[in-house]
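Below is one structure, written out as C-alpha coordinates; the observations come after it.
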Amino acid sequence: MGGSARAIASWSGRVIAWFVILGAVAVLAAAVVVPRLGGATPYTVLTSSMEPGFPPGTLVVVRPVPIEEISTGDVITYQLESGDPTVVTHRVVGLSTTLGGEQSLVTQGDSNDIPDAAPVQPVQVKGRLWYSVPYLGRISNVINGDQRQVGVYVVVGALLGYAAFMFGGSVRERRRRRPSGTEVPAEHHTTSV
(Lines give C-alpha, C1' and ligand atoms only; values in the text may rest on other atoms or scores of the structure.)
Protein backbone atom coordinates (compact mmCIF):
# COMPACT_ATOMS: atom_id res chain seq x y z
CA MET A 1 0.00 0.00 0.00
CA GLY A 2 2.80 2.44 0.84
CA GLY A 3 4.34 1.95 -2.61
CA SER A 4 1.10 2.78 -4.43
CA ALA A 5 0.47 5.90 -2.30
CA ARG A 6 4.02 7.02 -3.05
CA ALA A 7 3.47 6.41 -6.78
CA ILE A 8 0.20 8.39 -6.73
CA ALA A 9 1.88 11.28 -4.88
CA SER A 10 4.78 11.22 -7.35
CA TRP A 11 2.40 11.18 -10.33
CA SER A 12 0.31 14.01 -8.83
CA GLY A 13 3.45 16.08 -8.26
CA ARG A 14 4.48 15.63 -11.89
CA VAL A 15 1.04 16.62 -13.17
CA ILE A 16 1.05 19.77 -11.03
CA ALA A 17 4.61 20.59 -12.13
CA TRP A 18 3.67 20.28 -15.80
CA PHE A 19 0.60 22.50 -15.28
CA VAL A 20 2.86 25.13 -13.70
CA ILE A 21 5.32 24.85 -16.59
CA LEU A 22 2.57 25.10 -19.20
CA GLY A 23 1.01 28.04 -17.34
CA ALA A 24 4.33 29.91 -17.25
CA VAL A 25 4.88 29.24 -20.95
CA ALA A 26 1.34 30.47 -21.74
CA VAL A 27 1.93 33.68 -19.78
CA LEU A 28 5.24 34.29 -21.58
CA ALA A 29 3.62 33.58 -24.92
CA ALA A 30 0.69 35.95 -24.27
CA ALA A 31 2.82 38.78 -22.93
CA VAL A 32 5.99 38.64 -25.02
CA VAL A 33 6.26 36.08 -27.80
CA VAL A 34 2.88 36.31 -29.57
CA PRO A 35 2.81 40.13 -29.69
CA ARG A 36 6.34 40.23 -31.06
CA LEU A 37 5.62 37.62 -33.73
CA GLY A 38 2.31 39.27 -34.66
CA GLY A 39 3.76 42.76 -35.03
CA ALA A 40 1.68 43.88 -32.05
CA THR A 41 2.40 45.95 -28.96
CA PRO A 42 1.33 45.11 -25.38
CA TYR A 43 0.00 47.88 -23.11
CA THR A 44 -1.41 47.87 -19.59
CA VAL A 45 -4.75 49.39 -18.65
CA LEU A 46 -4.01 51.73 -15.72
CA THR A 47 -7.41 53.31 -14.99
CA SER A 48 -10.97 52.11 -14.49
CA SER A 49 -12.35 53.88 -17.58
CA MET A 50 -12.78 50.58 -19.45
CA GLU A 51 -14.38 48.56 -16.65
CA PRO A 52 -15.87 46.03 -16.36
CA GLY A 53 -14.41 44.48 -19.53
CA PHE A 54 -10.88 45.77 -19.06
CA PRO A 55 -10.17 46.49 -15.38
CA PRO A 56 -6.90 48.12 -14.29
CA GLY A 57 -4.01 45.71 -14.70
CA THR A 58 -5.36 44.14 -17.89
CA LEU A 59 -2.77 43.51 -20.59
CA VAL A 60 -4.13 44.71 -23.95
CA VAL A 61 -2.30 43.73 -27.11
CA VAL A 62 -2.94 45.96 -30.12
CA ARG A 63 -1.96 45.60 -33.77
CA PRO A 64 -1.56 48.49 -36.19
CA VAL A 65 -4.40 48.72 -38.74
CA PRO A 66 -5.31 51.32 -41.35
CA ILE A 67 -7.83 53.88 -40.09
CA GLU A 68 -10.28 52.67 -42.75
CA GLU A 69 -10.47 49.26 -41.03
CA ILE A 70 -11.49 50.72 -37.67
CA SER A 71 -15.22 50.84 -37.03
CA THR A 72 -17.64 51.79 -34.29
CA GLY A 73 -17.37 49.35 -31.39
CA ASP A 74 -13.66 48.59 -31.88
CA VAL A 75 -11.30 49.13 -28.95
CA ILE A 76 -8.20 51.12 -29.91
CA THR A 77 -5.08 52.40 -28.21
CA TYR A 78 -4.07 55.91 -29.17
CA GLN A 79 -1.68 58.66 -28.15
CA LEU A 80 -3.20 61.57 -26.26
CA GLU A 81 -1.11 63.84 -28.47
CA SER A 82 0.80 62.84 -31.57
CA GLY A 83 4.40 62.05 -30.61
CA ASP A 84 3.60 61.84 -26.88
CA PRO A 85 4.24 58.34 -25.47
CA THR A 86 1.18 58.57 -23.17
CA VAL A 87 -1.56 56.33 -24.55
CA VAL A 88 -5.21 55.61 -23.81
CA THR A 89 -7.25 52.52 -24.62
CA HIS A 90 -10.91 53.38 -25.32
CA ARG A 91 -13.77 52.20 -27.52
CA VAL A 92 -14.65 53.90 -30.80
CA VAL A 93 -18.20 55.28 -30.47
CA GLY A 94 -18.29 57.33 -33.65
CA LEU A 95 -16.54 58.19 -36.88
CA SER A 96 -16.29 61.69 -38.28
CA THR A 97 -14.89 63.37 -41.34
CA THR A 98 -13.62 66.93 -41.48
CA LEU A 99 -14.61 69.34 -44.26
CA GLY A 100 -11.20 68.60 -45.79
CA GLY A 101 -12.06 64.89 -45.98
CA GLU A 102 -9.80 63.75 -43.14
CA GLN A 103 -11.23 61.03 -40.90
CA SER A 104 -11.16 61.10 -37.11
CA LEU A 105 -12.52 58.84 -34.40
CA VAL A 106 -14.77 59.64 -31.46
CA THR A 107 -13.79 57.50 -28.46
CA GLN A 108 -15.16 56.86 -24.99
CA GLY A 109 -14.25 54.69 -22.03
CA ASP A 110 -16.82 51.95 -21.38
CA SER A 111 -17.48 53.24 -17.85
CA ASN A 112 -17.41 56.95 -18.80
CA ASP A 113 -20.68 58.88 -19.25
CA ILE A 114 -19.52 61.08 -22.12
CA PRO A 115 -17.20 60.71 -25.13
CA ASP A 116 -13.60 61.90 -24.92
CA ALA A 117 -13.21 65.66 -25.48
CA ALA A 118 -10.96 65.59 -28.54
CA PRO A 119 -11.44 63.45 -31.65
CA VAL A 120 -8.60 61.01 -32.37
CA GLN A 121 -6.62 61.66 -35.54
CA PRO A 122 -5.23 58.74 -37.61
CA VAL A 123 -1.63 59.68 -36.69
CA GLN A 124 -2.44 59.15 -33.00
CA VAL A 125 -3.75 55.58 -33.38
CA LYS A 126 -1.29 52.91 -32.19
CA GLY A 127 -3.57 49.99 -33.07
CA ARG A 128 -6.79 48.05 -32.62
CA LEU A 129 -7.27 45.52 -29.82
CA TRP A 130 -6.11 42.06 -30.83
CA TYR A 131 -6.55 40.32 -27.46
CA SER A 132 -6.42 41.03 -23.74
CA VAL A 133 -5.37 39.11 -20.62
CA PRO A 134 -6.72 40.23 -17.22
CA TYR A 135 -4.14 41.07 -14.51
CA LEU A 136 -1.13 40.19 -16.68
CA GLY A 137 -0.43 43.87 -17.25
CA ARG A 138 0.47 44.30 -13.57
CA ILE A 139 3.40 41.92 -14.01
CA SER A 140 4.38 43.65 -17.25
CA ASN A 141 4.45 47.05 -15.50
CA VAL A 142 6.82 45.85 -12.78
CA ILE A 143 9.61 45.05 -15.21
CA ASN A 144 11.03 47.23 -17.99
CA GLY A 145 11.98 46.09 -21.51
CA ASP A 146 15.54 44.99 -20.71
CA GLN A 147 14.47 43.23 -17.51
CA ARG A 148 11.62 41.56 -19.41
CA GLN A 149 14.06 40.20 -22.02
CA VAL A 150 16.42 38.87 -19.33
CA GLY A 151 13.42 37.49 -17.43
CA VAL A 152 12.23 35.60 -20.50
CA TYR A 153 15.65 33.98 -20.91
CA VAL A 154 15.84 33.10 -17.21
CA VAL A 155 12.34 31.62 -17.11
CA VAL A 156 12.83 29.66 -20.34
CA GLY A 157 16.18 28.36 -19.05
CA ALA A 158 14.63 27.39 -15.73
CA LEU A 159 11.72 25.64 -17.44
CA LEU A 160 14.05 23.73 -19.75
CA GLY A 161 16.26 22.80 -16.79
CA TYR A 162 13.25 21.62 -14.82
CA ALA A 163 11.98 19.60 -17.80
CA ALA A 164 15.43 17.97 -18.13
CA PHE A 165 15.46 17.22 -14.40
CA MET A 166 11.99 15.63 -14.62
CA PHE A 167 13.04 13.60 -17.67
CA GLY A 168 16.22 12.46 -15.93
CA GLY A 169 14.21 11.43 -12.86
CA SER A 170 11.88 9.40 -15.04
CA VAL A 171 14.81 7.61 -16.69
CA ARG A 172 16.36 6.83 -13.27
CA GLU A 173 13.00 5.53 -12.04
CA ARG A 174 12.71 3.15 -14.99
CA ARG A 175 16.23 1.86 -14.45
CA ARG A 176 15.46 1.12 -10.80
CA ARG A 177 12.38 -0.86 -11.75
CA ARG A 178 14.37 -3.27 -13.93
CA PRO A 179 15.16 -6.52 -12.20
CA SER A 180 18.78 -6.58 -11.07
CA GLY A 181 19.28 -10.27 -11.86
CA THR A 182 19.64 -10.32 -15.59
CA GLU A 183 21.37 -13.68 -15.58
CA VAL A 184 20.27 -16.06 -18.26
CA PRO A 185 19.48 -19.48 -16.84
CA ALA A 186 21.82 -22.22 -18.03
CA GLU A 187 20.25 -24.59 -20.52
CA HIS A 188 20.21 -28.27 -19.70
CA HIS A 189 21.83 -30.28 -22.42
CA THR A 190 21.47 -33.96 -22.74
CA THR A 191 23.76 -35.96 -24.82
CA SER A 192 23.14 -39.35 -26.11
CA VAL A 193 25.92 -41.73 -26.53
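Annotations for the structure displayed:
- Matching residues, segment 8-54, being surrounded by fewer than 12 Cβ atoms within 10 Å (Cβ to Cβ) and modelled with pLDDT of 90 or more: P52
- Of the listed requirements (1) in contact with a strand residue (DSSP E or B) (Cβ under 8 Å, 6 or more places away or on another chain); (2) within 30 Å of L160 (Cα to Cα), G23 misses just one: (1).
- Test: residue in segment 140-153 that is modelled with pLDDT of 75 or more, surrounded by 10 or more Cβ atoms within 10 Å (Cβ to Cβ) and either under 20 Å from G73 (Cα atoms) or small (G, A, S) (or both): no
- Test: residue in segment 88-103 that is under 22 Å from the mean Cα position of the chain (by Cα) and either in contact (Cβ under 8 Å) with a residue 40 or more places away in the chain or farther than 22 Å from P42 by Cβ (or both): yes
- Residue in segment 86-96 that is touching a His at 6+ places or on another chain (Cβ under 9 Å) and either at pLDDT below 95 or surrounded by 15 or more Cβ atoms within 10 Å (Cβ to Cβ) (or both) present: no
- D110 passes every criterion in (1) modelled with pLDDT of 95 or more; (2) farther than 18 Å from W130 by Cα apart from (2).
The values are calculated or read from the model by the stated rules, or taken from the named source; none is laboratory data. Computed from a predicted structure; not experimentally measured. A quick note on method: Cβ atoms are made from the backbone with ideal geometry, for glycine too, and the neighbour counts reach across all protein chains shown.
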